[in-house]
Amino acid sequence: MNEAQKTPVASQQDRPPAALSSASQQKSAMAEEHTPTVPLMLRFARTYILPYWRIILVAMTLMLMSAALTAGLAKFMQPIFDRVFNARSSRLLWPTGLGVLAVFVVRGFVTYGNAVIMNWLGQRVISDIQRDMFAHLIRADISYFHAYPTGQLLSRFLSDTAQMRTATVEGMTGMGKNFFTIIFLVAVMFYQDWRLSLISIFVFPAAFYFVHRTGSSLRKVSRSMQVHNGDLTSILNQSFQGARHVKSYCAEDYERSRVDATIEKVLRLFTRAFRISASTTPMAETLVGLAIATIIIYGGHRIIIGASTTGRLVSFITAFVLAFDPMKRLANLNNTMQMGLAAIDRLFGLLDVKAEIVDAPDAKPLRLGGATVVFRDVHFAYPDGSEALHGVSFEAPAGKTIALVGSSGAGKSTILNLIPRFYDVDAGIVTVDGQDVRSVTLESLRHNMALVTQEVAIFDDTIRANIAYGRRDATEEEIVAAAKEAAAHDFISALPEGYATRVGEQGVKLSGGQRQRISIARAMLKNAPILLLDEATSALDTTSEKLVQEALERLQKGRTTIVVAHRLSTIINADVIYVLEHGRIVEQGNHAQLLAQNGAYARLYGDLLKEPD
Ligand SMILES: Nc1ncnc2c1ncn2[C@@H]1O[C@H](COP(=O)(O)OP(=O)(O)OP(=O)(O)O)[C@@H](O)[C@H]1O
Ligand SMILES: [Mg+2]
């Protein structure tokens, strides 16, 4: 049983990412710890079940009816035996038969109605949860997405919610139908023979005891099973998305072995979970056998000595046997509930991680002047502790272009991240037109900047929708105008469906340069006064490069532009160049001045200059 030792390790991944700041880390770690069952269930019921109390009332009524009918059947056995069979009375034979038929027909319809309602409710609750999860996640901090593997998030949406649905449906049916059925049947048992009832009833608490014990281990297995399911989704996602790289590196076997290993883990946990939950069956069967043997011996004895009737005993045994199935279900319910609770626990863990980058209570809309961006003594480390900026100060004057250059990892992209508040500074201040970015509303802040990054984000939608992403009310003319400015109109028009062409996931149906021009068109259309540009490092072919370059120049016109520059032409055209090294600005000036300093900049670009492009 070495899985047992692995479980804590696995549930470690289940915790919120370490990359969150310490305050939220503590908060959410608490939320992810085993929340006691009762508060957890209450919170879930209050949030997601209670709104549907009316339909639940209907379902409960149906369940009560069904339980009463079942108990009625058992009770019915007594007159059937005593007054019809044993009395050899043919007068009551037909009415009795038809009566039993009627009970079954009504019970069938009641059960049908109940099943329809419960399953509707189950899926309804899950849709509400999925909506809540997405609404919450899409507003989560960027750091959350960097720290949480996509697969884990996907698995929350799919397998976690499936578990919650089962738990909801089974839980309510269990508490309604099965519980009432048992109560009514036990009532019938006591009515028929209280001594026999007292002797045989021990089965129920005993079975419950065994099942209850398996519940908590099942919950643990379920938690790590879901984590591994998430891992599987993650790996699949990566392998499929990186299919080209997998092939070019001949890594198919490597990927296969990674996937195999995860599938194997899931399989093992599944088997284990099933074994635990099924382990109650032999126990329950033995107990029931014991009880029935007792009933036959003691009940038979009482009939023989004339203290009871066959009808009573048959009715008693029928009630006992009919109670067996709902009892087993109720007992197993604990297992289903434990699985569901693990998922619910994770759901609230996720919903309780509050976004930290939100509007300040007194945030006002950004009052825009010329759009001057200033960094003053900015210090910043990523939530995982990687220090990225150590006291960066610079000014990007209104309408001017400043270029950030420096070796890889120097902190250039980080600077761009701080302007739209993807992250907040640890010390120092970032201002736009004199206003601290943390004091204005996020919406007004981000509305006024366009971001064109190294990884071009293209959505699996039409080209039109991709360009209009930042301004969904744009007219066709505006979209075409933006595409023309971005030198994208010609290639778009040449596509079979033009602007209505769907570009595939991540824009796989477009070339690298085309993707970049679409994203430039998007920024063009957004027409924001501040432009944040993270130039792609990957070289395009000369024609493509030239088109992109010209499009970018048109985009920069009249905007305050902060560009992480890799192309020499961009750098030379900038009004001021800042050279970064290890999170510090080490040089600044224009191209000629910097070359003359013969320092870091000259080292970076001196070589390039010798062979002009
Ligand atoms: N999401 C992140 N989480 C943790 N650390 C990060 C993250 N992004 C960047 N870093 C770290 O911050 C430092 C600065 O990274 P940054 O992305 O700003 O570099 P860069 O100058 O843009 O480099 P490049 O030219 O390669 O794009 C690096 O040491 C990097 O490892
Ligand atoms: Mg970068």
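Observations
- The sole residue among Asp575, Asp607 that is of a type outside the set (Phe, Trp, Tyr) and either at pLDDT 90 or above or touching a His at 6+ places or on another chain (Cβ under 9 Å) (or both) is Asp575.
- The C-beta contact set for segment 405-434 (first residue farther than 20 Å from Arg139 by Cα, second residue surrounded by 20 or more Cβ atoms within 10 Å (Cβ to Cβ) and of a type in the set (Phe, Trp, Tyr), distance under 6 angstrom, 6+ apart or interchain) comprises Asp426/Phe380; Val430/Phe375.
- Considering residues of segment 556-587 that are touching a Lys or Arg at 6+ places or on another chain (Cβ under 8 Å) and away from ligand 1 (no atom under 15 Å from the Cβ) only, the residue farthest from Asn527 (Cα to Cα): Val576
- Looking across segment 535-587, just one residue is closer than 17 Å to Lys412 by Cα, assigned to a helix (DSSP H, G or I) and away from ligand 2 (no atom under 16 Å from the Cβ), and that is Leu568.
- From the options Gly428, Gly340, Gly409, Gly385, residue that is surrounded by fewer than 15 Cβ atoms within 10 Å (Cβ to Cβ) and either within 30 Å of Val227 (Cβ to Cβ) or at pLDDT 95 or above (or both): Gly385
- Within this structure, Ser239 passes the test of being at pLDDT 85 or above, in contact with an Asp or Glu (Cβ under 7 Å, 6 or more places away or on another chain), of a type in the set (Gly, Ala, Ser) and assigned to a helix (DSSP H, G or I).
- Of residues in segment 408-453 being β-branched (Val, Ile, Thr) and part of a helix (DSSP H, G or I), the one nearest to ligand 1 (Cβ to nearest atom): Thr414
- So Pro95, is it out of contact with any Leu (no Cβ under 6 Å at 6 or more places or on another chain), modelled with pLDDT of 95 or more and away from ligand 2 (no atom under 16 Å from the Cβ): no
- For segment 401-447, taking the residues that are among the basic types (Lys, Arg) and within 29 Å of the chain's Cα centre (by Cα), the one that is nearest to Pro529 (Cα to Cα) is identified as Arg446.
- For segment 143-156, the criterion of a residue being surrounded by fewer than 16 Cβ atoms within 10 Å (Cβ to Cβ) and free of Cβ contacts under 8 Å to residues at least 40 places away in the same chain is satisfied by at least one position.
The values are calculated or read from the model by the stated rules, or taken from the named source; none is laboratory data. Since we're looking at a predicted model, the values are computed, not measured. Reconstructed Cβ throughout: ideal geometry from the backbone, glycine too, with neighbour counts over all protein chains shown.
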